[in-house]
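The values are calculated or read from the model by the stated rules, or taken from the named source; none is laboratory data. All values reported here derive from a predicted model rather than from experimental measurement. In this analysis, Cβ positions are derived from the backbone assuming ideal geometry, glycine residues included, and neighbour counts consider all displayed protein chains.
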Amino acid sequence: MRILTNLSEIPEFNNAVLTIGSFDGIHMAHRKIIRQIVDLAEELSSPSVLISFDRHPREVVYPKDDSLRLLTLQDEKEDLLQDLGLDYLVRLPFTVELSQMGPREYIEKILIEKFRPAYIVVGYDHRYGLNRTGDFALLEEYGKSHGFKTLKISKLEIEEITISSSKIRKAITEGNIEEANFLLGYNYSLAGEVIKGDQIGNTIGFPTANLSIANKKKLIPKNGIYACYAHLHDKRYNAMLYIGVKSSVRKDNGQVIEVQILDFDQNIYGKEMRIEVLKQIREDMHFDSMLALKEQIRQDELAIRSYFKSKVVPKTKALSNVLILNYNGLNYLETYLPSISYSSTEDFEITVIDNDSTDNSIAFVEEWYPEIKLIRLAKNYGFAEGYNRGTKNIDSKYLVFLNSDVEVNSNWLDPLINLMESDETIGIASPKIMDLKQSEKFEYAGAAGGMMDALGYPFCRGRLFDSLEEDQGQYDGIAEVFWASGAAFVIRNTLWKKMGGFDSSYFAHQEEIDLCWRIKRAGYKVVVHSDSVIYHLGGGTLSYENPQKVYLNFRNNLTTLIKNESGAKLLWLFPTRLILDGVAGLRFLMQGKLKSTSSIVKAHFAVYGNFFKILQRRKEIKQLIKQHAIAESNMTGKSSKSILIAYYLKGRKKYTEL
């Protein structure tokens, strides 16, 4: 990375990929922006450029304000940027003249004239120019007139916390250093020269090194005792950090930063030391005597040693995580876990999410599969919310949803993961799903990929209503479909979180169709790959004709249509579906299935009773898709024909006959 500190040093750029900002902290959201410009620059064979300033703009705009504290000083910021693949860091002198420059003049005289950009990438809230009046819309306007593209990176969130420098500063000043480190993506650090203090530590048997931070604008964590790493002579040591005032035993109220390196007795006065702050052990305290202070420091040291002894080095993140939702499924786990253990040649994990089972499922997994991660939920949340809660802290790149009543072929995941690695527009990939009892036939739940007819009825390649086809290779290969079965599919973890997971109100059934529809509306693909094969028992939780299943299918199908179908189409489709559902109810009645007829009636009343809630959810989803869409809505796999007419009136029982 080349660092430029003056506009006169700037070479003749052409088609540069730019981002602009203060970038205090170089936290995870900043890194997302930087990764984007580096990737774009590489694709375009263009230079990647980060334009920042030699000081924080507040130092010039509000020169009398001495409250500004920074997460990263200039040298720290440059060190962090070195490893991110940037070609240029342009550190402009932020002067009064620059602060008075209007946004249009800033774009024209600096961004366009000096860099001739191909792309300008900024964060979702980036502002610039006099009084911060410049916004993304103005950049877009200039992009259209001057031939460059603009890209706005949406806010990065972890566990519903938006990552920002201000949130990280707040966490540090409150002593929540672990939260700050989590949001930064690295350990917060302080650096300075080791100087002589008052030597009190030596007199009570705990020698410390006093750290002098030269730049007073560096943000110092809240007073207290911390576990930390101390870096000296390219070596790292476990250490105890004290930040506070000496008024605990003296009248002097000056703040000090003292480091006690564990099991270390070298003279390091005058040396440069950097510390990584890891965890606050306790807040600062007042002591009435040296004896009380000495006893507390002894307790602190024991706590610090215990912290480092228990600290586990995090293992490398697995590429995928196979997630099995379980509720009283001991028999399934005993039968099918052995095959699942050989799902991929790549690094993967298996997680069993237990919906408060009352059988011996948990004990079985703990005894026979200790390597499998267990997530125990407090009650039975159903399929949808059970997965939502169970995946909250899973950080693998891909999430693999797999029913507990599934047997898999060895390395069945590899074709799906490889396909998704090769095409980032694929949001979900699904295997070919065969019947475990009749392995030559496709299975009801998903067959060779899910489709949707003009009236909103789901069907499959290889299964129309109750008619199942034999697999004769007619659907071999890779195909884009409309939905993937919840029995087995792979989804990008980031996309799962962006799209809000499953709709928890569904409890079970068709929540995967709703999710796939949302994803396709955001421009992603849903695909099936026949090289990947699994065998599904089916009906393991509820039989296909169970009245409860009928209720959930009819209720959830109508809900999915209201949430995702276009408003114009719903005007005629919704009343049409109500009539057709009534016909289905009469059919069940004529077959003597009174409970199934009752289930349809209950499903309709459930939709009517929650109609306005569903409309509100529809509005929320529209905003979600607008925020995260990568392309126009992708409706591949959604037919313009009626499966009812083809099946019942024309007698077509196979997908290939449609």
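Please specify each residue of the stretch 114-134 satisfying the condition of being free of Cβ contacts under 8 Å to residues at least 12 places away in the same chain and part of a loop (DSSP other than H, G, I, E, B).
Arg127 - this is the single residue of the stretch 114-134 that is free of Cβ contacts under 8 Å to residues at least 12 places away in the same chain and part of a loop (DSSP other than H, G, I, E, B).
Condition check ((1) among the aromatic types (Phe, Trp, Tyr); (2) in the same structural domain as Asp503 (by TED's automatic domain parsing); (3) at pLDDT 95 or above) across all residues:
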position: Arg305; (1), (2), (3): no, no, no
position: Lys315; (1), (2), (3): no, no, no
position: Gly329; (1), (2), (3): no, yes, no
position: Tyr369; (1), (2), (3): yes, yes, no
position: Leu374; (1), (2), (3): no, yes, no
position: Asn380; (1), (2), (3): no, yes, no
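Could you pull out the residue among Leu98, Leu92, Leu86 that is within 19 Å of Asn6 (Cβ to Cβ) and modelled with pLDDT of 90 or more? Give the derivation first.
Numbers: Leu98 fails: modelled with pLDDT of 90 or more; Leu92 fails: modelled with pLDDT of 90 or more.
Only one candidate passes the filter, namely Leu86.
If you check Val490, Val528, which single one turns out to be within 21 Å of Asn388 (Cα to Cα) and outside any helix (DSSP H, G or I)? Even if it seems obvious, please write down each step before you answer.
Values: Val528 fails: within 21 Å of Asn388 (Cα to Cα).
Step by step, each of Val490, Val528 is checked, and only Val490 is within 21 Å of Asn388 (Cα to Cα) and outside any helix (DSSP H, G or I).
Within the stretch 452-478, can you find the residues that are among the charged types (D, E, K, R), assigned to a strand (DSSP E or B) and over 30 Å from Phe574 (Cβ atoms)?
Matches in the stretch 452-478: Glu470 only.
Considering only the stretch 426-441, how many residues are crowded, with 16+ Cβ neighbours inside 10 Å and free of Cβ contacts under 8 Å to residues at least 60 places away in the same chain?
1
One residue is enough: does the stretch 235-255 have a residue meeting the conditions assigned to a loop (DSSP other than H, G, I, E, B), farther than 23 Å from His286 by Cα and modelled with pLDDT under 85?
There is no residue in the stretch 235-255 that is assigned to a loop (DSSP other than H, G, I, E, B), farther than 23 Å from His286 by Cα and modelled with pLDDT under 85.
If I filter the stretch 24-44 down to residues being more than 18 Å from the chain's Cα centre (by Cα) and not charged (D, E, K, R), which single residue comes out as surrounded by the fewest Cβ atoms within 10 Å (Cβ to Cβ)?
Here the residue is Leu44.
Condition first: over 19 Å from Val400 (Cβ atoms) and buried (at least 22 other Cβ atoms within 10 Å of the Cβ). Now tell me which residues in the stretch 494-509 satisfy that.
Within the stretch 494-509, Asp503, Tyr506, His509 meet the criteria.
Considering only the stretch 375-397, state which residues are out of contact with any helix residue (DSSP H, G or I) (no Cβ under 6 Å at 6 or more places or on another chain) and assigned to a strand (DSSP E or B).
If the condition is that a residue be out of contact with any helix residue (DSSP H, G or I) (no Cβ under 6 Å at 6 or more places or on another chain) and assigned to a strand (DSSP E or B), then Arg376 is the only one that fits.
Could you please find all residues in the stretch 616-640 being in contact with a Ser or Thr (Cβ under 8 Å, 6 or more places away or on another chain) and exposed (fewer than 12 other Cβ atoms within 10 Å of the Cβ)?
The answer is Ala631, and nothing else.
Is it true that Ser343 is under 30 Å from the mean Cα position of the chain (by Cα) and farther than 24 Å from Ile417 by Cβ?
Against the criterion (under 30 Å from the mean Cα position of the chain (by Cα) and farther than 24 Å from Ile417 by Cβ), Ser343 does not qualify.
Mind listing whichever residues of the stretch 501-510 are modelled with pLDDT under 95 and out of contact with any Ser or Thr (no Cβ under 8 Å at 6 or more places or on another chain)?
Listed by number, the residues that qualify are Ser504, Phe507, His509.
Could we say that Leu70 is in contact (Cβ under 8 Å) with a residue 40 or more places away in the chain and in contact with a helix residue (DSSP H, G or I) (Cβ under 8 Å, 6 or more places away or on another chain) here?
No: the conditions fail for Leu70.
Filter the stretch 125-144 for residues that are under 21 Å from Val17 (Cβ atoms) and basic (Lys, Arg); which is surrounded by the most Cβ atoms within 10 Å (Cβ to Cβ)?
Only one residue tops the list, namely Arg127.
Here are some conditions: (1) touching a Lys or Arg at 6+ places or on another chain (Cβ under 8 Å); (2) without any contact (Cβ under 8 Å) to a residue 60 or more places away in the chain; (3) farther than 24 Å from Cys516 by Cα. Tyr551 meets all but one. Which one does it not meet?
The one condition Tyr551 does not meet is (3).
Identify all residues within the stretch 356-383 that are loosely packed, with under 14 Cβ neighbours inside 10 Å and among the basic types (Lys, Arg); write none if there are none.
Arg376, Lys379 - these are the residues of the stretch 356-383 that are loosely packed, with under 14 Cβ neighbours inside 10 Å and among the basic types (Lys, Arg).
Are there any strands (runs of 3 or more DSSP E) wholly within the stretch 1-72 with 1 or more residues that are touching a Gly at 6+ places or on another chain (Cβ under 9 Å) and in the same structural domain as Leu130 (by TED's automatic domain parsing), and if so which?
Where strands (runs of 3 or more DSSP E) fall fully within the stretch 1-72 and carry at least 1 residues being touching a Gly at 6+ places or on another chain (Cβ under 9 Å) and in the same structural domain as Leu130 (by TED's automatic domain parsing), they are 16-20, 48-53.
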